[in-house]
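First up is the structure itself, then whatever we jot down about it.
The values are calculated or read from the model by the stated rules, or taken from the named source; none is laboratory data. All of these numbers come straight from a predicted model, not from anything done at the bench. Because the Cβ atoms are built from the backbone with ideal geometry, glycine has one as well, and the counts that use them run over all protein chains shown. Only protein heavy atoms, including side chains, enter the accessible area calculation; ligands, DNA and RNA are left aside. Shrake-Rupley method; radii C 1.70, N 1.55, O 1.52, S 1.80 Å.
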Amino acid sequence: MAKAVLHCFEDYQKARITFVQNIAELSTHPQNVEALYSAGVVALLKPLLLDVVPSIQQSAALALGRLATYSEILAQNIADNNIIPQLTYNLQKQNRFFKKAACYVIKAVAQHNVELAQSVVNAGCLEPLVLSLDEFDPTIKEAAAFALGHIAKHNENLARQVVEARAVDSLLLCLQEPELILKRVASQTLANICKHTEQLAQPVAENGLDYIVSYINYTDTNIKRNVCNLLTNICKHSNELATLVMSKLTHPQKLLNCLKDSDEIVRNNAAMCICEIVNKCPENAQAICSAGAPVVITNYIKNSRGAGRLYGILILAYIAAYNEDSAMLIINAGALPVLKKCLEEEIEQVKCAVCFALNHLGRHSNQHANEVAGIGVLEKMLFYFMDPTTSDDLKEKSKKALIELIKKTSNLNELEPLLHVANNDILIPILDQFNKFLKGNQNELTNFARNGGLKKILGMRPKLKEPLLHIVEEIIGNYPIEIQNYYNPEYARMLLDKIGTEDEKVENENNEKEEEKKEENVEGGEEKKEEEGKKVEEEVKVEDKKEDIEKKEEEPKVEENKEEAKVEENKEEPKVEENKEEAKVEENKEEPKVEENKEEPKVEENKVEEKKDEENKNEAEVYIEPEEKA
C-alpha cells in the first residue's frame, strides 16, 4: 500500500519535472512564445517556483527567464503575477543554481523598459542582487551584475538607486576577478551607471580608474570594447573627469593603439573616448596630437565606413580648433583628401562633421585656408548649402564653413567658380575678398579679367543692390574704362542701341525741320493775306474819299451820262472777271492748312470784289465826260 502511494507521488514529480523541462526547451525558440503565452504558461509555472524539488524550481525560473527575454508582453505578465517578489525572497535562501536562474529572470524582465525595471526595484531585488555580487560562485556574480546593469541603463533615477545600494564597490571588485566573463559584465554594468550624470560617474572614476585604464590594451576584445565605452562615459561629463582619465593614462598611445585594433567596435569606442578627451581641454588635445594622433586618426577615417568615421572627423576638428600648428600637422598628415571623400560619399551626419572640421582647419590663416580650398571642397559645400533637399543642420554647417574659409582664402582662383552660382549670403564675403586682394595688384587684376571674373560681375551689376553693388563698383573701378567696355557683356547691345538712337535723332531733326518750314509757310501766307487786306482797305478808303469828291462835282451830269455808263460797264465786266480769276489763283497757291483762317479770307475777298465793282462803276462815271467831249 505504501509503495503504491509513493509511486503515485513519484509519477506526479516526474510529470512536473517533465513539464518544466519541456517548457524550458520550448521557450528557447521564439516562434513558440506566442503559443505558450496563449496556453497560460506563466500561471502554470508560478506555483512551480515554490516547488519542494529544487530542480523543478530551477527549470521553472529558467523557462520564465527565456520567455521574458523574447517577449515584453510575457515580461509584463510575469511582473503583474507578482513572480518577482517570490524570486527575490528565495534569492537569499536557495542554492546557487536557483540564484543564477532568479537573477536571469530579473534581468529578462528589467531589460525591456523603465516601467518593468522600476517594478523590479520596487519588488526589493536590489539588495539581494548586490549581496549576490559577493558570492563565491562567479556565475552568480555574473548573473547579478548583468541584472544590475539592465536596471541601471534606463535612466538616472534607476542608476542612482543602484549606486545607493552600494553596488559600485562590489562591481569594481568583480572587475579585478580573473574570470573574463565577469570582467566583461562588470565593465558593462559600470558603463551603464556612468553614462547618465557626472555625480554617478564620479565614484567610479575616483575608486576604480586605475583598474579600468589597465584593461585598455587587454587581449580580450569584449573587455576592450567595454572599457573604452566606460572611459567615454566617464570623460563626457566634465573637463575634470576627462583630465583625470588623461592623467591616469601613462601615455596617450594606449588609446591610439585601440584605433588600430582589428575589431571595428573597439576602434569606434576608442575614437569616441579620444573625442571626449580632446573636446574638453586644449591641453589634452595637444597631448594627443603630440603622440602622433593626426596620422593615426587619418588612417582610421580612411579605413572606416559610415558612422564609424564620425568621431574620427570630430577628433581632427577639436584638435585643429585649439592650435594652428596642430591644424597644420593634420593638413600635412594627408587628412584633407580623406575629408573630401567623406564629404562626397557619406551620410549627412558625417558630412556635417566634415564641414565642421574643414572650418576649424582653415580658419587660422591664409595658408590654412588656401590648403583647404585647394582640394576643391568649396564648390561642394556651396552645393549643399543651396540644395533645397539638404537638411537644415548641413546647410548651417556648410554656410558657416564657407564664410570662414572665404574670408581667409587669398588664392582668388579658388573663389572665382563660386561667383557664377553663389547667392547673396556667400557673394558678400567673396566680393569683399576680391576687393581686398585686387587693389593695386596688377597680376591678380589681369588673372581676374582673363578668367572671366570681371565679365561675371559686370553682368551681375544691373541686378545687384546695396551692399553688393557698392563692392562691385569698387572692384570694377580698378580697371580702365576700355577694359570695362571690352569685358562688359552688355557693351555690344549698348553700341547698337546708340546707333539706333542716332538714326532716330536724325529722323526727328528732319521731321522737325519740315514741320518748321510748313509752319513758316502757313504763317507767311497769313501775314501776306493780312497785308493785302490792309492795303485793300486803305485803297478802299482813298477811293471812297475820291468818290465823295467826284460825286459832289459830277452830280448834275449823272443823269446825262447813264447810257454811256452802261456801255462802259459792259466794257469793264471782262476786266472784273479777270481780276476775280487772278484772285482765285492766288488763293489756291497759298497753303490751306490752317482751318481756322479759311473763312475769314473768303469774306474779305468778297468785300474787296464788291468794292472793286463800285470803283469800276465810279471810274466809268468819271470818264464819261471826256469821251463825250471827244
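Yes/no per residue for (1) of a type in the set (A, V, I, L, M); (2) touching a strand residue (DSSP E or B) at 6+ places or on another chain (Cβ under 9 Å); (3) at pLDDT 90 or above:
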position	(1), (2), (3)
Val295	yes, no, yes
Ala307	yes, no, no
Glu324	no, no, no
Asn332	no, no, yes
Leu336	yes, no, yes
Glu346	no, no, no
Lys351	no, no, yes
- Note on the structure: Residue pairs qualifying under the 7 Å Cβ cut-off, at least six apart or on distinct chains, with the first in region 148-160 being closer than 13 Å to Thr189 by Cβ and at pLDDT 90 or above and the second being assigned to a helix (DSSP H, G or I) and open to solvent by 60 Å² or more (accessible area, probe 1.4 Å), are Gly149/Gln188
- Query: In region 184-208, what residues are of a type outside the set (A, V, I, L, M, F, W, C) and either open to solvent by less than 10 Å² (accessible area, probe 1.4 Å) or within 41 Å of the chain's Cα centre (by Cα) (or both)?
  - Reply: Ser187, Gln188, Thr189, Asn192, Lys195, His196, Thr197, Glu198, Gln199, Gln202, Gly208
- Message: Can you tell me how many residues within region 209-223 are open to solvent by less than 30 Å² (accessible area, probe 1.4 Å) and over 16 Å from Leu182 (Cβ atoms)?
- Response: 3
- Query: What is the residue count in region 329-345 for residues that are within 20 Å of Gln286 (Cα to Cα) and open to solvent by 80 Å² or more (accessible area, probe 1.4 Å)?
  - Reply: 2
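Do you know which residues across region 215-256 are in a loop (DSSP other than H, G, I, E, B) and hydroxyl-bearing (Ser, Thr, Tyr)? Please lay out each step first, then the result.
First pass over region 215-256, keeping only residues in a loop (DSSP other than H, G, I, E, B): 215-220, 236-238, 249-252.
Scanning region 215-256 gives Tyr215, Tyr218, Thr219, Ser238, Thr250.
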- Message: Among (1) out of contact with any Asp or Glu (no Cβ under 7 Å at 6 or more places or on another chain); (2) small (Gly, Ala, Ser); (3) closer than 24 Å to His368 by Cβ, there is one condition Gly440 misses while meeting the rest; what is its number?
- Response: (3)
- Scanning region 128-147 residue by residue, the ones that are in a helix (DSSP H, G or I), open to solvent by less than 20 Å² (accessible area, probe 1.4 Å), in contact (Cβ under 8 Å) with a residue 40 or more places away in the chain and within 14 Å of Ala186 (Cβ to Cβ) total 7
- Item | Residue, nearest to Leu91 (Cα to Cα), within region 30-49, restricted to residues that are open to solvent by 20 Å² or more (accessible area, probe 1.4 Å) and in contact (Cβ under 8 Å) with a residue 40 or more places away in the chain | Lys46
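Identify the residue in region 85-127 that is out of contact with any helix residue (DSSP H, G or I) (no Cβ under 8 Å at 6 or more places or on another chain) and in a helix (DSSP H, G or I) and, among all such residues, is surrounded by the most Cβ atoms within 10 Å (Cβ to Cβ). Even if it seems obvious, please write down each step before you answer.
Initial filter on region 85-127 (out of contact with any helix residue (DSSP H, G or I) (no Cβ under 8 Å at 6 or more places or on another chain)): 85, 89, 93, 115, 122, 127.
If we keep only those that are in a helix (DSSP H, G or I) as well, we get 85, 89, 115, 122, 127.
On the way: Pro85: 12, Tyr89: 17, Glu115: 11, Asn122: 12, Glu127: 14.
Only one residue fits best here, namely Tyr89.
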- Item | Enumeration of residues in region 63-84 that are open to solvent by 10 Å² or more (accessible area, probe 1.4 Å), assigned to a helix (DSSP H, G or I) and free of Cβ contacts under 8 Å to residues at least 40 places away in the same chain | Ile73, Asp80
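Can you name the residue in region 268-311 that is basic (Lys, Arg) and under 17 Å from Val350 (Cα atoms) and is also nearest to the chain's Cα centre (by Cα) among such residues?
Pass one, region 268-311, residues basic (Lys, Arg): 280, 302, 305, 309.
Narrowing the set further to residues that are under 17 Å from Val350 (Cα atoms) leaves 302, 305, 309.
Values: Lys302: 27, Arg305: 25, Arg309: 23 Å.
In this case the residue turns out to be Arg309.
When you check Arg16 against the structure, is it part of a helix (DSSP H, G or I) and within 23 Å of Ala123 (Cα to Cα), yes or no?
On the way: part of a helix (DSSP H, G or I): yes; within 23 Å of Ala123 (Cα to Cα): no.
For Arg16, the condition - part of a helix (DSSP H, G or I) and within 23 Å of Ala123 (Cα to Cα) - is not met.
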- Item | Verdict on Leu329 being touching a residue at least 40 places away in the same chain (Cβ under 8 Å) and under 26 Å from the mean Cα position of the chain (by Cα) | no
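Which of the residues that make up region 309-326 are among the charged types (D, E, K, R) and either in contact (Cβ under 8 Å) with a residue 60 or more places away in the chain or crowded, with 21+ Cβ neighbours inside 10 Å (or both)? Reasoning before the result, please.
First, pick out the residues of region 309-326 that are among the charged types (D, E, K, R): 309, 324-325.
Correct list: Arg309 only.
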- When only residues in region 264-280 that are of a type outside the set (Lys, Arg) and open to solvent by 30 Å² or more (accessible area, probe 1.4 Å) count, which is farthest from Leu231 (Cα to Cα)? Glu264
